[in-house]
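Asker: Provided herewith is a single structure, encoded as structure tokens, for subsequent inquiry.
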Amino acid sequence: MTTDHGAEREAELMFEILDSAHRCGRKITEPQIRIVGGEKAQPTLQKLLIGEYLSKVEKEDFPVFYTLTSKGLNLFGEMRKSQQVPKELRIHIIEKLNKAVTDIEIKPWEVMFHIVHVIGKTRPVTTGDIEAYFHHYFPSIKGISRASIYRNIKHLRMKGYIQCEKKTYTDQSQYRLSKKGEEVFYMTKADATRKLRTSEEWDNALKQIFNKITKEQKEDEKALFDTLDTVVPESVDKIQIIWVLYTRGSVYELKGDLDKAEETYLRMEGICEELEDTRGRAYALKGLGNVSFKKSKYAVAEQYYKRCWRIAEILQDTLLLSDVLNNVASCFYMNDDIDEALHMFEKALDLAESDTFRVASTLSNTGLCFARKEDLTKAKQLWEKSLRLYEELQETTEIKKVKSNLRKVDRKQKREYLEENYKRMLQTGTSEDIKKAYEELAEFKIDGLIKSTGVS
């Protein structure tokens with residue numbers, strides 16, 4: 001908790017930032033804030049944002065800046081930007097901000113909201129990223145020990161606000177927001193800190209939202225499948241039913257209802273066996289493999305995919321074979337058999353022919369293998385090729401994924417260079433060389449910490 005004296009000092013710094021913004025046409029940039037506030041600028045800026053005195057503005061191809069809100073502007077009354085704040089008004093504003101500091105300052109029960117905010121901004125983050133965020137920006141509050149952060153993350157996962165991706169090529173568990181968590185993310189900080197003061201209030205306040213989302217999902221699903229049922233004539237034969245089931249299973253899979261997807265694909269496979277429809281059975285097996293993969297049952301998924309593979313070879317269905325080899329390779333990759341995965345991805349690429357999406361996807365996956373093997377140069381080359389193809393297709397989601405991978409490689413290569421340079425200077429450089437190398441490395445790491453938290 002901030003002491004009265006500490007709150008007064010912070011209120012003075014808040015005033016200086018707001019006054020600078022007022023004098024600069026209601027807006028202030030990040031470098032200007034750092035000049036005014038020094039090392040305390042970021043925590044103070046966060047409180048001004050939470051208190052809704054400043055608003056962050058992000059525009060494409062334009063540096064981030066902060067603008068005074070009506071609440072911030074009202075502190076200065078009728079003053080024009082060119083006028084200097086009179087001493088009496090300055091004291092009045094600081095007193096007002098001083099009273100607000102206690103309400104603005106992050107409290108232990110707000111930790112969960114900030115975890116959601118960090119995950120939502122960065123997408124995804126690791127537990128280490130979350131710890132670094134709190135220790136860098138809010139080091140003095142309670143409830144940010146490693147054990148406390150783990151408890152809060154566990155609660156958020158159990159209640160369905162965040163989801164864990166157990167394995168990536170960096171071998172770290174990462175967290176993403178669920179649909180329910182996104183509802184929290186888009187609440188204003190002031191609104192959240194008023195409403196969500198305890199774990200119980202989190203659940204009670206959002207129960208209505210969660211129920212609404214669930215109801216909407218059920219209504220969408222019912223409408224979809226009522227339509228699928230009504231558009232199929234009663235006289236339709238079983239061959240057509242097979243592909244209706246495939247469509248239904250695919251939609252269940254996309255919506256994340258994996259149990260229903262599995263049930264539908266199994267029913268499809270049964271009809272295919274009855275009719276000896278090998279093509280339909282291949283696609284049913286592929287669907288069952290997808291479901292098992294998404295349930296993290298990689299060994300089961302691999303078996304489904306291999307059965308599909310054998311049929312695809314008999315059918316000489318090149319594109320299906322490319323897909324299933326890609327999927328088998330993904331199973332190998334998730335089970336850490338990187339060399340075998342790489343071999344399969346390369347075979348899948350040969351079969352993808354001129355299908356741009358399949359080529360882009362396979363190049364991206366192959367890049368992951370080389371990244372896991374620490375051949376970052378090769379991984380980067382493959383991801384750059386993949387990115388160009390995704391940009392041709394305007395595949396926004398995939399573009400973001402590949403760009404994220406490329407940024408990670410660039411940062412890792414630069415970090416390795418700076419670390420090696422610092423070690424070299426320690427052995428052979430002058431005092432000035434060592435100082436310069438250290439400052440470059442430290443600046444890079446601090447910049448990385450700020451970017452990883454999504455806080456500007």
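Asker: Let me confirm something: among D323, D375, D355, which residue is among the acidic types (D, E) and farther than 27 Å from T278 by Cα?
Answerer: Details: D323 fails: farther than 27 Å from T278 by Cα; D355 fails: farther than 27 Å from T278 by Cα.
On inspection, the qualifying residue turns out to be D375.
Asker: Out of M344, M334, which single residue is more than 20 Å from L387 (Cβ to Cβ) and surrounded by fewer than 23 Cβ atoms within 10 Å (Cβ to Cβ)?
Answerer: Values: M344 fails: surrounded by fewer than 23 Cβ atoms within 10 Å (Cβ to Cβ).
Only one candidate passes the filter, namely M334.
Asker: Is there a residue being over 24 Å from the mean Cα position of the chain (by Cα) and of a type outside the set (D, E, K, R) anywhere in the range 288-297?
Answerer: Taking the range 288-297 first, the residues over 24 Å from the mean Cα position of the chain (by Cα) are 288-289.
Adding the requirement that they be of a type outside the set (D, E, K, R) leaves 288-289.
Yes, because at least one residue in the range 288-297 is over 24 Å from the mean Cα position of the chain (by Cα) and of a type outside the set (D, E, K, R).
Asker: Let me ask something else about it. Is there a residue being loosely packed, with under 15 Cβ neighbours inside 10 Å and either over 28 Å from R372 (Cβ atoms) or modelled with pLDDT of 80 or more (or both) anywhere in the range 160-174?
Answerer: Yes, some residue in the range 160-174 is loosely packed, with under 15 Cβ neighbours inside 10 Å and either over 28 Å from R372 (Cβ atoms) or modelled with pLDDT of 80 or more (or both).
The values are calculated or read from the model by the stated rules, or taken from the named source; none is laboratory data. Everything quoted here is computed from the prediction, not taken from an experiment. As a convention, Cβ positions derive from the backbone with ideal geometry for all residues, glycine included, and neighbour counts pool all protein chains shown.
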